[in-house]
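> If you scroll down you'll find the structure; I have some questions about it.
Readers should treat all values here as calculations from the given coordinates under stated rules, not as data from a laboratory. Model, not experiment: these values are computed from the prediction. Every residue, glycine as well, gets a Cβ built from its backbone with ideal geometry; the counts of neighbours run over all protein chains shown.
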Amino acid sequence: MTDDPARCPAHAVPAGPELFSREFVADPYPAYAHLREHRPVHWTTLPSGVEAWLVTRYADAKQALADQRLSKDPRWSEAAWKQGKVGIPGERSGVGAHLLNLDPPDHTRLRRLVAKAFTPRRIEEFRPRIQELTDSLLDDFARNGEADLIHDFAFPLPIHTICDLLGVPEEDQADFRTWAGMMVRHGGGPRGGVARSVKKIRGYLAELIHRKRAAPSTDLISDLIRASDHDDHLTEAEVAAMCFVLLFAGFETTINLIGNGMHALFSNPEKLREIRSHPTSLPSAIEELLRYDGPVELATWRYATRSLTIGDQEIAAGEPVLVVLAAADRDPRRFAEPDLLDPARADNQHLAFGHGIHYCIGAPLARLEGQIAIGTLLSRLPDVRLARPEDELRWRGGLIMRGLQRLPVTFTPEAGPADTGSPAN
């Protein structure tokens with residue numbers, strides 16, 4: 001582990017698993033357990049070279065997520081911001097005025113507008129479409145006897161769902177899938193391919209907003225345009241930024257929810273059998289999968305606007321803070337037997353979608369997609385199982401999200417019309 005001796009004397013912290021190594025990426029939970037026990041608020045150097053505090057205990061994490069002395073505006077950490085070492089793609093490309101890096105009152109105004117698209121009633125209206133997309137994706141590979149659940153299933157489902165929500169025409173969604181794929185493969189890092197994808201998405205959204213303004217419909221972009229034309233004074237740049245962050249944050253969260261969730265079930269076959277035998281338990285199971293190995297490892301960046309204390313640690317003004325959701329959700333001070341996957345776990349108040357005013361606005365949609373995707377998969381492919389040894393699986397590098405590169409599976413092929421044995425007419 002990397003420590004600043006002035007902040008964290010070497011004798012004060014026993015040696016633990018190395019942070020950010022290949023072994024850590026594959027299984028960060030032993031390292032997080034060590035930090036929770038010995039250094040719950042830990043100053044470290046990240047792979048990018050930025051120094052930041054990692055907050056790992058549940059109570060401290062919940063406090064930090066709701067503490068308005070921790071700003072989302074990266075300009076509070078000016079040096080790291082100028083070096084392009086903090087934030088997410090798009091923050092330096094003209095689509096940066098979005099919910100993930102704004103504070104009240106701007107955050108309050110924008111969230112109120114977009115929240116109208118994520119009411120329980122509006123999300124429930126998407127159930128038939130999500131089921132249709134899920135069935136169609138399964139139709140594409142169910143007769144093959146094998147698939148990559150990331151590439152063939154978990155990735156395209158949320159892309160098409162978010163595109164439908166935004167109002168991206170079906171004929172343009174393949175382009176979004178290509179651009180989004182570049183961002184996911186490179187973990188949101190500042191690589192050339194990511195920058196090009198961001199530029200293309202930005203340009204496309206600007207063009208689409210102009211088209212929607214001329215011919216509005218019932219989609220989210222049209223709703224935001226209508227708001228900008230009335231009392232809320234939403235600028236065109238804010239519309240584009242809102243759409244960008246919903247695309248970026250929404251689809252990768254769902255990819256990892258499905259991928260990590262299925263991986264956890266493959267690693268706990270008795271729990272998989274329980275869920276398949278009792279499909280009504282799926283909503284509870286999804287909550288446990290979110291807690292056990294959630295899609296977002298660390299909450300997005302926060303910056304101290306003035307000195308404050310988290311746990312017993314003083315944080316100086318301007319210092320970056322990263323709340324480690326994955327560590328908090330396995331804190332034995334909050335969850336009994338936290339390293340045990342328990343789909344029937346009661347009082348499962350996990351932090352997988354955050355907490356406070358920045359709680360993930362798309363959480364209801366992600367939950368619905370996860371329930372439909374995993375439930376349908378287990379129903380239609382009852383013997384689906386890993387096709388490769390566990391140690392051959394690779395996790396994508398990246399600071400915020402946690403997800404697999406691939407999840408190869410095998411199963412008994414579904415019988416198609418030509419396989420039923422029925423006589424030809």
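> Taking all pairs of different Cα atoms in segment 196-289, averaging 1/r and flipping that mean, what Kirkwood radius in angstroms comes out?
16.2
> Okay, moving on. Would you please state which residues of segment 132-161 a label at residue 410 would reach in this model, taking the label point 7 Å out along Cα→Cβ and a backbone N cut-off of under 17 Å?
142-149, by backbone N distance to the label point.
> If you find the alpha carbon centre of segment 108-141 and of segment 52-66, how far apart are they in angstrom?
Using only Cα atoms to place each centre, the spacing works out to 30 Å.
> For the chain, with the dipole built from +1 on Lys and Arg beta-carbon atoms and -1 on Asp and Glu ones, taken about the Cα centre, which of 412, 29, 299 lies farthest toward the positive end?
299
> Which residue fluctuates most in the GNM of the chain (Cα springs below 10 Å): 348, 144, 101?
It is 144.
> Right, next: Taking 41 Å as R0, compute the FRET efficiency from the Cβ-Cβ separation of residue 281 and residue 214 and round it to 0.05. Write down the numbers at each step before the final one.
Details: r = 48 Å, r/R0 = 1.17.
Calculated transfer efficiency: 0.30.
> Same structure, new question: Could you calculate the FRET efficiency of residue 391 with residue 273 from 1/(1 + (r/R0)^6), where r is the beta carbon distance between them and R0 is 22 Å, rounded to 0.05?
0.40
> Same structure, new question: When the helices in the chain are scored as -39500 (n - 2.57) per DSSP H run of 4 or longer and the sum is shared across all residues, what 222 nm value do you end up with, to the nearest 500 deg cm²/dmol?
-13500 deg cm²/dmol
> Report the gain in length on full extension from residue 51 to residue 151: 0.36 nm times residue separation, minus Cα-Cα distance, nm rounded to one decimal.
32.6 nm
> Once you compute Rg and the Kirkwood Rh from C-alpha atoms, what is the Rg to Rh ratio for the chain? Walk me through the intermediate numbers first.
Values: Rg = 21.9 Å, Rh = 22.5 Å.
Ratio of gyration radius to Kirkwood radius: 0.97.
> Between 389, 295, 364, find the one with the highest GNM mean-square fluctuation for the chain; connect C-alpha pairs within less than 10 Å.
Of the options given, 389 has the highest mean-square fluctuation.
> Something else: Given R₀ = 30 Å, FRET efficiency for residue 199-residue 306 by Cβ-Cβ distance, to 0.05?
0.25
> I'd like the antiparallel share, as a percent to the nearest 5, of DSSP beta bridges with both residues in the chain.
Values: 19 of 22 bridges.
Looking only at bridges with both residues in the chain, the antiparallel portion is about 85 percent.
> Further question: With a length cut of 20 Å (Cα positions projected on each helix's long axis) and a Kyte-Doolittle mean of at least 1.0, go through the chain and give me the DSSP H helices that pass. Could the numbers behind the result be given before it?
Numbers: long enough: 127-141 (22 Å, -0.73); 192-214 (34 Å, -0.40); 236-267 (46 Å, 1.09); 363-380 (25 Å, 0.54).
Qualifying helices: 236-267.
> Pick out, from 63, 131, 289, the residue whose Cα sits farthest towards the positive end of the charge dipole of the chain, with +1 on the Cβ of Lys and Arg and -1 on the Cβ of Asp and Glu.
Highest projection toward the positive end goes to 63.
> Placing +1 at every Lys and Arg Cβ and -1 at every Asp and Glu Cβ, with all other atoms neutral, what dipole size does the chain have around its Cα centre, in debye to the nearest 20? Display every interim value, and only then the final one.
Details: 50 positive and 59 negative charges, 176 e Å.
In total the dipole reaches around 840 debye.
> Just flag the chymotrypsin sites (Phe, Trp or Tyr not before Pro) in segment 327-423 sitting in loop per DSSP whose Cβ has no more than 12 other Cβ atoms within 10 Å.
Nothing satisfies the criteria.
> In whole Å, how far is the Cα centre of segment 21-43 from that of segment 339-394?
So the two Cα centres are separated by 22 Å.
> Let me ask another. Treating only the Cβ of Lys, Arg, Asp and Glu as charged (+1, +1, -1, -1), what charge dipole size does segment 303-425 show about its Cα centre? Round to the nearest 20 debye.
Numbers: 13 positive and 16 negative charges, 61 e Å.
In total the dipole reaches around 300 debye.
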